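This is the structure I want to talk about, given as structure tokens.
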Amino acid sequence: MKRIAILVVHGVGEQTQFEHLEEIASNLYKALGKNPQRRAHVQVRRGDQVPRHSPTESWREAPALLRWWCQPSNDWVEARFREVYWADLDMPMAWTGWLRLIGWALGVSGVKLFDASRVWAGRRDYMCLPKELTRREMILVRLQLFGISLLFFFMLMTVGLLYGLLTRFSFRAQWLKTIWGTIYNYLGDVKLYQDWFVREDTGLETIGEKSRVAIRRRMVRALVRTAAEVEAGTLDGYYVFAHSLGTVAAFNSLMETDLTLPNYLTEEEWNGLPTSLKREATHNAPQIQMPRRPPWLKPRDAINRARLFAGLRGFLTMGSPLDKFAALWPVIVPINRESIPGQVPWVNVADSQDIVAARLDLFRSCDQTPGIGGLHLSNVEWADQRSLFSAHISYWKVGERHDRLIDRLIPWLEGGQLTAPADSFNLVLARVIYMVSLTFLGGLLLWIAALLAWFVLGQLTHVSTWPVWDWMIVLLGTGIVVVAVCSVSRHLWERRKFGSQEK
């Protein structure tokens with residue numbers, strides 16, 4: 001029997017533990033079920049019995065096992081699913097957090113390009129940055145971010161005016177509070193990962209560190225545990241399936257240096273590692289590292305990356321914003337100069353309607369390193385969904401056809417190649433639909449906000465007699481001015497705060 005592990009890394013949102021894992025595993029099971037000869041069978045391995053998806057849910061280390069008959073090899077394949085869960089590391093929602101998030105979202109097009117930090121000074125000999133954007137490309141990126149900030153402004157105006165109107169008439173607008181929470185969770189997670197400030201709340205996993213350190217720690221620990229099983233012979237290999245912002249955490253962990261990887265482990269985990277996964281580096285660890293060097297590690301204690309990733313069979317990213325990070329915060333997504341051994345495929349799938357995802361064109365090889373740190377990238381632009389609202393969360397969905405992405409994963413897990421899923425419609429048409437949909441969404445939000453302003457200020461209070469179209473012009477002009485002021489203010493503030501280095 002061939003035994004593999006699948007590390008599932010979820011993206012933004014407020015999902016419960018194992019929720020994303022169940023979605024991937026159950027859809028793969030349905031895809032396998034299309035062919036009865038595969039005889040697919042699923043096992044659920046629970047720990048303490050608690051309500052499903054409760055905050056205290058307890059499953060075993062590999063909570064789901066999926067086994068099927070592989071006809072090409074005439075043998076069984078068993079996939080052990082495990083999840084890198086980090087949704088509980090969010091900052092708690094409070095009015096101060098909301099103000100910071102609004103300021104960040106409205107001013108994101110003016111961010112200072114972070115391509116250096118105090119930590120980076122000790123890493124530049126072992127890592128390189130993604131491709132640098134030309135001046136024209138950077139202007140284009142900032143214009144795109146300006147448009148997204150403008151959409152966010154119209155969304156805030158629409159939801160805020162609607163909430164005020166319903167409250168005035170004593171309606172309980174609980175669903176609007178849900179919308180506020182959704183906005184906070186989704187945009188807040190992106191801010192959480194790129195934030196340059198140390199956490200000051202009382203969470204022990206995050207205290208004294210930046211949020212992304214705690215997220216990476218969970219990813220690194222999962223990789224190390226899985227690699228230890230490969231070393232012990234209980235696994236034949238493993239895959240990493242990452243979605244949305246989870247692709248950034250996964251990429252960071254795959255690119256991390258040998259001297260920094262041990263910093264993410266507990267003392268017990270480090271002492272329990274197989275000898276083959278440890279090595280002595282040729283130089284001491286830098287004095288400044290992120291995370292900080294624990295006291296139980298010697299200056300040259302390191303992880304053997306060649307053995308750590310010897311069992312890695314593939315890296316799948318879905319709906320990834322990695323190119324956006326490479327453009328604005330390249331120092332967050334550096335590339336290791338030491339190549340991962342073997343021909344490890346990296347397949348990046350981006351739905352043409354996904355506002356978050358994109359082709360990954362800014363990642364490059366360092367010096368003579370093959371691939372991207374040893375990962376061999378192939379971009380798959382997929383014309384599948386027709387809606388902006390479903391594209392980001394539909395990659396793993398099973399369908400009646402046999403050529404969706406989830407179907408194409410089966411031969412890949414069996415040891416073959418992953419071929420691109422078939423488009424549902426013409427790719428050029430998909431791009432046109434995307435642009436029209438985005439323009440329509442912005443216009444709709446502007447029109448609703450103007451209608452509410454006309455009704456609240458014009459009809460109820462009689463402050464103004466402007467028609468709706470005039471309100472649209474006023475709100476559009478106001479939005480452009482507000483976003484422009486926030487963007488310039490953010491850029492000036494970050495340059496003064498950080499200068500050429502992160503503080």
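Assuming a ≥ b ≥ c are the square roots of the Cα gyration tensor eigenvalues, decide whether the chain counts as rounded (a/c under 1.5), prolate (otherwise, with a/b larger than b/c) or oblate.
Values: a/c = 1.79, a/b = 1.39, b/c = 1.29.
Since a/c reaches 1.5 and a/b is larger than b/c, the shape of the chain is classed as prolate.
So, one more: Mind ranking 2-14, 360-372 by how tightly packed they are, going by the mean number of other C-beta atoms within 10 angstrom, highest first?
Values: 2-14: 22.6, 360-372: 16.5.
Answer by packing, highest mean first, reads 2-14, 360-372.
List the cysteines of the chain that have no other Cys Cβ closer than 4.7 Å: which are they?
When partners are defined as cysteine Cβ atoms under 4.7 Å apart, the chain leaves Cys70, Cys486 without one.
So how far apart, in nm, are the two label points at Ser26 and His41 if each is 7 Å from Cα heading toward Cβ?
2.2 nm
Based on Cβ point charges of +1 for Lys and Arg and -1 for Asp and Glu, what charge dipole magnitude is obtained for segment 260-379 about its Cα centre, in debye rounded to the nearest 20? All intermediate terms of the calculation are to be shown ahead of the outcome.
Working: 13 positive and 11 negative charges, 70 e Å.
Dipole about the Cα centre, nearest 20: 340 debye.
Moving on to the next point. I need the helices of the chain that pass two filters: whole DSSP H segments spanning 15 Å or more by Cα along the axis, and mean Kyte-Doolittle score no lower than 1.6.
Values: long enough: 19-32 (20 Å, -0.26); 95-106 (16 Å, 0.75); 135-168 (49 Å, 1.25); 174-194 (30 Å, -0.24); 211-232 (32 Å, 0.02); 427-453 (39 Å, 2.17); 468-498 (44 Å, 0.82).
Span-like helices here: 427-453.
Sequence neighbours fewer than 8 away in the same chain don't count; with that in mind, list the lysines whose C-alpha is under 18 Å from Lys112.
Partners found: Lys131, Lys191, Lys324, Lys497, Lys503.
Around Pro345, with a cut-off of 13 angstrom between Cβ atoms, what is the net charge of the other residues, counting Lys and Arg +1 and Asp and Glu -1? It would help to have the intermediate numbers written out before the result.
Working: positive: Arg313, Arg408; negative: none.
Net of charged neighbours comes to +2.
Just to confirm a number: summing +1 for Lys and Arg and -1 for Asp and Glu over residues other than Cys128 whose beta-carbon lies under 9 angstrom from that of Cys128, what do you get? Numbers along the way, then the final one.
On the way: positive: Arg124, Arg337, Arg364; negative: Asp367.
Result for the local shell: +2.
Something else now. Is the shape of segment 284-331 best called rounded, prolate or oblate, per the rule: a/c under 1.5 gives rounded, else a/b larger than b/c gives prolate, else oblate, with a ≥ b ≥ c the square roots of the Cα gyration tensor eigenvalues? Intermediate results must be reported in sequence, preceding the final value.
Working: a/c = 3.49, a/b = 1.42, b/c = 2.46.
Since a/c reaches 1.5 but b/c is at least a/b, the shape of segment 284-331 is classed as oblate.
What does the C-alpha gyration tensor say about the overall shape of segment 409-497? Classify as rounded when a/c is under 1.5, otherwise prolate if a/b is larger than b/c, or oblate. It would help to have the intermediate numbers written out before the result.
On the way: a/c = 3.77, a/b = 1.82, b/c = 2.07.
Oblate is the answer for segment 409-497, as a/c is 1.5 or above yet b/c matches or exceeds a/b.
Now, a different point. Give me, ordered by chain and number, the residues 5 or more places off Ala5 or on other chains with an amide H under 5 Å from its own placed amide H.
The answer is Arg80, Gly237, Tyr238, Tyr239.
A further question follows. Placing unit charges on C-beta atoms (Lys and Arg positive, Asp and Glu negative, everything else neutral), compute the dipole magnitude of segment 324-387 about its Cα centre in debye, rounded to 20.
Rounded to the nearest 20 debye, it is 120 debye.
Let me ask something else. Apply 1/(1 + (r/R0)^6) to the Cβ-Cβ distance of Leu429 and Thr234, taking R0 = 45 Å, and write down the FRET efficiency to the nearest 0.05.
Numbers: r = 48 Å, r/R0 = 1.07.
Computed FRET efficiency for Leu429 and Thr234 comes out at 0.40.
Mind checking which of Asn27, Ser149, Ile215 is farthest towards the positive end of the chain's charge dipole, using Cβ charges of +1 (Lys, Arg) and -1 (Asp, Glu) about the Cα centre?
So the residue furthest toward the plus end is Ser149.
Distance cut-off 32 Å, Cα to Cα: go down the list Lys34/Lys278; Lys210/Lys397; Lys210/Lys298; Lys210/Lys278 and report the pairs above it. Let's see the in-between values first.
On the way: Lys34/Lys278 44 Å; Lys210/Lys397 34 Å; Lys210/Lys298 24 Å; Lys210/Lys278 26 Å.
Beyond 32 Å between Cα atoms: Lys34/Lys278; Lys210/Lys397.
Going 7 Å from the Cα of Glu205 along its beta-carbon direction, which residues of segment 283-322 have the amide nitrogen within less than 16 Å of the resulting point?
Counting backbone N atoms under 16 Å from the label point, the list is 291.
Could you sort the peptides 253-263, 100-110, 115-125 by per-residue average Cβ neighbour count (10 Å cutoff), highest mean leading? Don't skip to the answer; put the middle values down first.
Values: 253-263: 23.1, 100-110: 20.6, 115-125: 16.2.
Peptide ranking by packing, descending: 253-263, 100-110, 115-125.
Rounded to the nearest 5, what is the percent of antiparallel bridges among the DSSP beta bridges in the chain? Could the numbers behind the result be given before it?
Details: 18 of 50 bridges.
Just about 35 percent of them are antiparallel.
Modelled label-to-label distance, Thr266 and Val485, 7 Å Cα→beta-carbon offset: nm?
Result: 5.0 nm between the two label points.
Which order do peptides 217-229, 283-295, 24-36 fall in by mean Cβ count within 10 Å, highest first? The partial results should precede the final answer.
Working: 217-229: 22.0, 283-295: 14.5, 24-36: 18.4.
The peptides rank, most packed first, as 217-229, 24-36, 283-295.
Once R0 is set to 45 Å, what does the formula 1/(1 + (r/R0)^6) return for the Cβ-Cβ distance between Trp469 and Phe389, expressed as a FRET efficiency to the nearest 0.05? Intermediate values should be presented prior to the final figure.
On the way: r = 27 Å, r/R0 = 0.61.
Working from the Cβ atoms, E equals 0.95.
With contacts defined as alpha carbon pairs under 8 Å and 6 or more residues apart, what's the relative contact order of the chain in percent?
Across the chain, relative contact order equals 19 percent.
Read-outs throughout are calculated quantities, based only on the coordinates presented, and are distinct from any laboratory measurement. Nothing here was measured: the structure is a model prediction, and the numbers come from that model. Reconstructed Cβ throughout: ideal geometry from the backbone, glycine too, with neighbour counts over all protein chains shown.
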